[in-house]
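Visitor: Got a structure for you, questions after.
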Amino acid sequence: MEKKKFIPVCEPTLIGNESKYVNDCLKTNWISSAGKYIELFENGFAKYCNTKYGIAVCNGTVSLHLALEAYGLGPQDEVIVSDFTMIASINSIIYTGAKPVLVDADAETWCINPDLIEEKITKRTKAIMPIHIYGHPCDMDKINKLAKKHNLIVIEDAAESHGALYKGKKTGSLSNAASFSYYSNKIIVCGEGGMVVTNDKNAAEKMRLLRNHAFTKNRFTHEEVGFNYRMTNIQAAIGLAQLENIDKLVRMRINNAHLYNKLLKNVKGITMPPCKEWAKNVYWMYGILLDKDFGISSDMLRKELLKEGIDTRSFFVPLHKQPVFHKKFKKYKNFPEVNGSYPISENLGKNGLYLPSTSSLPKEDIVYITDTIKRIKEKAEKR
Ligand SMILES: *Cc1c(COP(=O)(O)O)cnc(C)c1O
């Protein structure tokens, strides 16, 4: 019997100098967090984002945490964040002791609704964390205007938006500091990895200090509590090789999305991913939203697709529905209020799913996936 096709939801696309650079690390013995690839990757990626400084770290969660720490976020503060995001965004706030304050998503961008932010600002609000969901930028002018008015810091979580543009400007360059992830499903990868990019020299210096145990010039003397958030030369070697191909990798993601859009255009009950006129969406994940007209639920469609060898994921579970935030833990006094109403986020969480989104996904696979979706829908209609 022929082996059944299996299309994973996402795989890294390693098409350049990855193994050459990694082997160079091994051959030269530079396998820890010193070595030439780290600086090359930091400088290269910061430049790509149109920012001055890049601070590489071991993943995209600690990069968020490091940025928040560098700006002094702590237990007296509140940070505004979208209810619709991956758990790492909010956990990084919780680690600092600050309290996350949830805002509903925008139906048109799936990112934070900027028009709902101001009503959540209090005397304790110190920062806003916009997250460019699935590769679509947030409406940053509105967010930055509010931040200016209320004297707030803005930290972008750009883990999903390498290369995305807001009014022609790169995500990552639109706030005080921005955090990226290079986890293996992101648009460029290091295996595990993250980076903060910023134009703020003081913050950059502080982050370099904190990421490395806060070592001072007098080695083994410390003036503050640091972390070991360092990236290894091997991670950076992979990252640099990926960066050399970043334009190509971003373009592949976008082309895949355009093909999906074309093939799904006439299927009733599917909302395709957003792309506002001021945005360049890089479609980190190709997400679709189902409604009643589709005939079956998102969970059911996912089950049927899996039977045909097509792996998918549901959209994020809204933060206000996360069981963890409905519990009490002695050590956490800063969980968000979860009793509010977040209808857009809830709809996304319930009815959204994303389809295979590997950059190098073959066209035939996209045709197979969309044909299968149409077949499943037709079968459901006949029942
Ligand atoms: C992937 C991701 C992160 C965390 O990245 P890791 O490198 O896995 O720690 C943070 N925020 C968002 C929105 C993400 O998608």
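The values are calculated or read from the model by the stated rules, or taken from the named source; none is laboratory data. Note that the structure is a prediction, hence the values are computed from the model and not measured. Cβ sites come from the backbone with ideal geometry, for glycine too, and all protein chains shown count toward neighbours.
Visitor: Would you confirm whether or not region 66-82 contains a residue that is under 30 Å from L289 (Cβ atoms), modelled with pLDDT of 95 or more and aromatic (F, W, Y)?
Guide: Checking region 66-82: not a single residue is under 30 Å from L289 (Cβ atoms), modelled with pLDDT of 95 or more and aromatic (F, W, Y).
Visitor: In addition: For region 222-244, name all the residues that are surrounded by fewer than 20 Cβ atoms within 10 Å (Cβ to Cβ), in a loop (DSSP other than H, G, I, E, B) and either touching a residue at least 60 places away in the same chain (Cβ under 8 Å) or in contact with a strand residue (DSSP E or B) (Cβ under 8 Å, 6 or more places away or on another chain) (or both).
Guide: Passing the criteria: G226, F227.
Visitor: Please go through region 1-31 and pick out each residue that is at pLDDT 95 or above and either touching a Ser or Thr at 6+ places or on another chain (Cβ under 6 Å) or closer than 23 Å to P356 by Cβ (or both).
Guide: F6, I7, P8, V9, C10, E11, P12, T13, L14, I15, G16, E18
Visitor: Still on this structure, I have one more. For the condition away from the ligand (no atom under 12 Å from the Cβ), of a type outside the set (F, W, Y) and under 25 Å from R253 (Cβ atoms), what is the one hit in D139, D115, D104?
Guide: One residue alone meets the criteria, D139.
Visitor: Given the criterion under 27 Å from N334 (Cα atoms) and of a type in the set (G, A, S), identify the matching residue among A164, A159. Before the answer, list the steps.
Guide: Values: A164 fails: under 27 Å from N334 (Cα atoms).
Selected residue: A159, the only one of A164, A159 that is under 27 Å from N334 (Cα atoms) and of a type in the set (G, A, S).
Visitor: Also, I was wondering about something else. Of the residues that sit in region 179-202 and are surrounded by fewer than 23 Cβ atoms within 10 Å (Cβ to Cβ) and more than 12 Å from the ligand (Cβ to nearest atom), which one is nearest to Q242 (Cα to Cα)?
Guide: Per the criteria, the residue is N199.
Visitor: Let me confirm something: among L40, L66, which residue is crowded, with 24+ Cβ neighbours inside 10 Å and hydrophobic (A, V, I, L, M, F, W, C)?
Guide: Of L40, L66, the one residue that is crowded, with 24+ Cβ neighbours inside 10 Å and hydrophobic (A, V, I, L, M, F, W, C) is L66.
Here's the yes/no breakdown for (1) out of contact with any Asp or Glu (no Cβ under 9 Å at 6 or more places or on another chain); (2) at pLDDT 95 or above; (3) farther than 20 Å from L348 by Cβ:
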| site | (1), (2), (3) |
| --- | --- |
| A88 | no, yes, no |
| G97 | no, yes, yes |
| L102 | no, yes, no |
| A105 | no, yes, no |
| I112 | no, yes, no |
| I121 | no, yes, yes |
| H136 | no, yes, no |
| K145 | yes, yes, yes |
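Visitor: Can I ask one more? Over 26 Å from E337 (Cα atoms) and among the basic types (K, R): is that true of R211 in this structure? Outline the logic, then answer.
Guide: Numbers: over 26 Å from E337 (Cα atoms): yes; among the basic types (K, R): yes.
Spelling it out, R211 is indeed over 26 Å from E337 (Cα atoms) and among the basic types (K, R).
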